[in-house]
Amino acid sequence: MANPAWSEKILQLLRRMNNFYLQGSCRADCYRFEIDGTQVGWISPHVASVLTRYPDVFSPPHGGAVSLCPGLDSYGKRSEAVDAVLQTLRQEGSLSCLKGWRDEKYSVMPKFSDPPLMWMERAATSLFGVKRYGVHVNGYTVSDTGEVSMWLARRSPTKQTYPGLLDNVAAGGLSAGVGIKHTLVKECQEEACIPAATAEKASPVTTVSYTYEDEEGVFPEGQFIFDLELPPKFKPRVGDGEVQHFYLLPIDKVKELLATDDFKPNSAMVVLDFLIRHSYIEPDTEPCYQEFVAGLHQTL
């Protein structure tokens, strides 16, 4: 039977990661961020007021939207003009998220299937509420008796975000112009020393999507999820220093850990999805089954 306390913890996680949709969020006050008449994000009133200092790049708020100036009519012009503004704001130091500047370019587009309209520094995307995409890998093993265990990573204490928390065996954001499978193989190699030939066997299984807000802005995110069955004798190794340790844990223990504060929130969602897809959570025994599924697959 379901554990009501565990279920409530999972519901709290899903509400937290979808709080932009909840009553009382900043959504009602946000401006649409538009490029050439198409919405690509959300901008808070505070950020909109900062952007009015750059009239050659951003048109003043009008009709509930902040837009790039019409003269910025190409991918390159938009990217360079916005980056120049962000570099200036970074030097000022007044916007906390820019202190985590990464020199990573993220594509900006209405939907993932659309051609990108520009690129933007990863650390700035929350200021504009633009959609961010990534890849997460569920690494697991199956014993001779059919028992499933999952490899979890403990994030480095020096990570910019969620230091020291549990994570999937490998994960990473999709940089501009880089493919999903390429990112998967790269992150597996860099973070967990999983050989490319092994990583390429990972199966694409679903996406997980959500939108949350915090003090650094709005985060609409979509994660491409892969399952990777690893040989029982294989052990991930710390690669690029983003992980401090790997653990192989029985699936029941992993499920238990999801209801703690020890898990990176979106990675907990990825594992929750794994548990549902592999029937470790079933609708006959989990009253919140539908809420779980809905919370994992919100429209961006």
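The listed residues are I276, I194, I225, and the only one of them that is among the aliphatic types (A, V, I, L, M) and part of a loop (DSSP other than H, G, I, E, B) turns out to be I194. All conditions but one from (1) in contact with a Ser or Thr (Cβ under 6 Å, 6 or more places away or on another chain); (2) assigned to a helix (DSSP H, G or I) apply to L300; the one that does not is (2). Looking at this structure, is L184 in a strand (DSSP E or B), buried (at least 22 other Cβ atoms within 10 Å of the Cβ) and either out of contact with any Lys or Arg (no Cβ under 9 Å at 6 or more places or on another chain) or at pLDDT below 95 (or both)? No. Taken over the range 72-93, residues that are assigned to a loop (DSSP other than H, G, I, E, B) and touching a residue at least 12 places away in the same chain (Cβ under 8 Å) amount to 2.
Please pick out the residue among S96, S59, S67 that is of a type in the set (S, T, N, Q), in contact (Cβ under 8 Å) with a residue 40 or more places away in the chain and either surrounded by 13 or more Cβ atoms within 10 Å (Cβ to Cβ) or touching an Asp or Glu at 6+ places or on another chain (Cβ under 9 Å) (or both).
Details: S59 fails: in contact (Cβ under 8 Å) with a residue 40 or more places away in the chain; S67 fails: in contact (Cβ under 8 Å) with a residue 40 or more places away in the chain.
Of the residues listed, the single one that is of a type in the set (S, T, N, Q), in contact (Cβ under 8 Å) with a residue 40 or more places away in the chain and either surrounded by 13 or more Cβ atoms within 10 Å (Cβ to Cβ) or touching an Asp or Glu at 6+ places or on another chain (Cβ under 9 Å) (or both) is S96.
Residues that are more than 23 Å from the chain's Cα centre (by Cα), under 30 Å from V208 (Cβ atoms), in contact (Cβ under 8 Å) with a residue 40 or more places away in the chain and assigned by TED's automatic domain parsing to the domain that holds S96 occur in the range 36-51; there is at least one. Would you call E256 at pLDDT 95 or above and either touching a Pro at 6+ places or on another chain (Cβ under 7 Å) or over 22 Å from T211 (Cα atoms) (or both)? So E256 fits the description; yes.
Summed over the range 252-273, the residues that are in a loop (DSSP other than H, G, I, E, B) and among the charged types (D, E, K, R) give a count of 3. May I ask you to verify whether E242 is at pLDDT below 95 and in contact with a helix residue (DSSP H, G or I) (Cβ under 7 Å, 6 or more places away or on another chain)? Taking the combined requirement at face value, the residue satisfies it.
The values are calculated or read from the model by the stated rules, or taken from the named source; none is laboratory data. Only a predicted model underlies this, so the values are computations on that prediction, with no experimental measurement involved. Counting neighbours? That spans all protein chains shown, and the Cβs are built from the backbone with ideal geometry, glycine included.
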